[in-house]
Amino acid sequence: MNNLLKLSGLGLATLLVGCAAVYPFMQADPRAEAQQLADWQMPSKLSALESEDQLKLLSRLTYPDLMPDLKPVPDFSAIKDTDSRKKAFFAYLTPYVERENARILKLRRQIDELAGKLQQQQQLTVEEYAFIYSLFDEFKIDMMDADLDGVRELLARVDVLPVSLVLTQAAKESGWGSSRFTTEGYNFFGQWCFKTGCGVVPSKRGQGKYHEVAVFAHAAESVNAYFYNLNTFYVYEELRAIRAKVRAQDGHVAAEKLAAGLARYSERGQQYVEEISAMIIATSKIIGQS
């Protein structure tokens with residue numbers, strides 16, 4: 001009996017080690033999970049891979065967390081107590097923000113692992129190369145090779161946005177969830193689009209302007225687009241540089257430090273940065289309680 005127990009324990013241990021070895025490729029159906037990826041998150045060259053490598057690549061790219069319930073925008077203006085209204089606003093958006101950051105952290109861990117292999121001059125697999133190049137596409141990195149320099153450039157873009165920074169900007173841009181663009185189109189961040197019919201034409205759009213205010217299907221899509229903007233667009237290179245420097249120095253990314261990179265988010269420039277910075281400080285306690 002003891003020998004049988006020992007063998008059973010050994011078998012279980014072997015199984016657990018085997019499971020760990022194939023992480024993150026343990027999803028039952030990564031194709032189904034991949035349906036929750038935005039168009040720009042899907043690998044463009046997926047069909048060029050063998051079927052097994054396709055599944056591995058999709059498993060690498062998918063979200064580790066389930067999609068939160070997609071709820072309509074509450075009537076925040078009906079909540080008369082100011083602190084209660086702010087808490088409700090933060091509680092509504094936080095799950096979507098945390099989900100985006102969870103995926104980014106999943107990607108970063110894998111990039112770090114591949115950086116270690118490259119530092120040791122180990123050969124990457126076809127699927128590992130495909131993973132790197134798919135992230136080059138997603139995070140808009142051109143003319144880079146899947147080498148150490150390319151991986152380091154990826155790490156500068158594939159990084160989290162502090163929850164308090166995201167929530168504070170959402171509060172600022174959406175009037176605490178009460179703006180028409182938010183209640184009608186889930187646009188929490190004042191994001192524009194530039195194709196006719198892509199959104200809502202703002203009533204005060206200047207002559208010669210052709211932008212529209214983007215419309216989203218739900219809050220998760222709005223948050224996803226916001227992350228995409230800050231992590232890919234050239235106008236936020238300063239923000240990403242600050243983030244990389246802060247992470248290298250402190251080991252984490254602080255919202256109040258990252259706010260300095262938002263000068264080009266608004267026409268008000270430095271004044272906007274100061275407003276966001278002040279709001280982060282003022283709402284930090286409420287965000288922690290939401």
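Figure legend. Inter-residue proximity from segment 85-110: first residues open to solvent by 30 Å² or more (accessible area, probe 1.4 Å), second residues assigned to a helix (DSSP H, G or I) and hydroxyl-bearing (Ser, Thr, Tyr), beta-carbon distance below 8 Å, spacing 6+ or different chains. Indicated pairs: Arg85/Ser77; Lys86/Thr283. When the residues of segment 41-51 are filtered to those that are assigned to a helix (DSSP H, G or I) and in contact with a helix residue (DSSP H, G or I) (Cβ under 6 Å, 6 or more places away or on another chain), the one that is surrounded by the fewest Cβ atoms within 10 Å (Cβ to Cβ) is Leu46. Checking Leu154, Leu135 one by one, the residue that is open to solvent by less than 80 Å² (accessible area, probe 1.4 Å), within 21 Å of Lys45 (Cβ to Cβ), touching a Phe, Trp or Tyr at 6+ places or on another chain (Cβ under 8 Å) and not in a loop (DSSP other than H, G, I, E, B) is Leu154 and no other. Residues that are open to solvent by 30 Å² or more (accessible area, probe 1.4 Å) and either at pLDDT below 95 or in a loop (DSSP other than H, G, I, E, B) (or both) do not occur anywhere in segment 162-172.
Just need a number here: residues in segment 52-84 that are of a type in the set (S, T, N, Q), in a helix (DSSP H, G or I) and either surrounded by 14 or more Cβ atoms within 10 Å (Cβ to Cβ) or in contact (Cβ under 8 Å) with a residue 40 or more places away in the chain (or both).
3
Of everything in segment 113-127 that's charged (D, E, K, R) and open to solvent by less than 80 Å² (accessible area, probe 1.4 Å), which residue is farthest from Ala225 (Cα to Cα)?
In this case the residue turns out to be Lys117.
Would you confirm, using the coordinates I've provided, whether Ile111 is over 17 Å from Ile287 (Cβ atoms), among the β-branched types (Val, Ile, Thr), over 15 Å from the mean Cα position of the chain (by Cα) and assigned to a helix (DSSP H, G or I)? Yes, satisfied.
Here Lys86 clears all of (1) in contact with an Asp or Glu (Cβ under 9 Å, 6 or more places away or on another chain); (2) under 23 Å from Lys285 (Cα atoms); (3) not small (Gly, Ala, Ser) except the condition numbered (1).
The values are calculated or read from the model by the stated rules, or taken from the named source; none is laboratory data. All of these numbers come straight from a predicted model, not from anything done at the bench. Glycine also receives a Cβ, built like all others from the backbone with ideal geometry; neighbour counts cover every protein chain displayed. Surface accessibility is based on the protein's heavy atoms, side chains included, excluding ligands, DNA and RNA. Shrake-Rupley method; radii C 1.70, N 1.55, O 1.52, S 1.80 Å.
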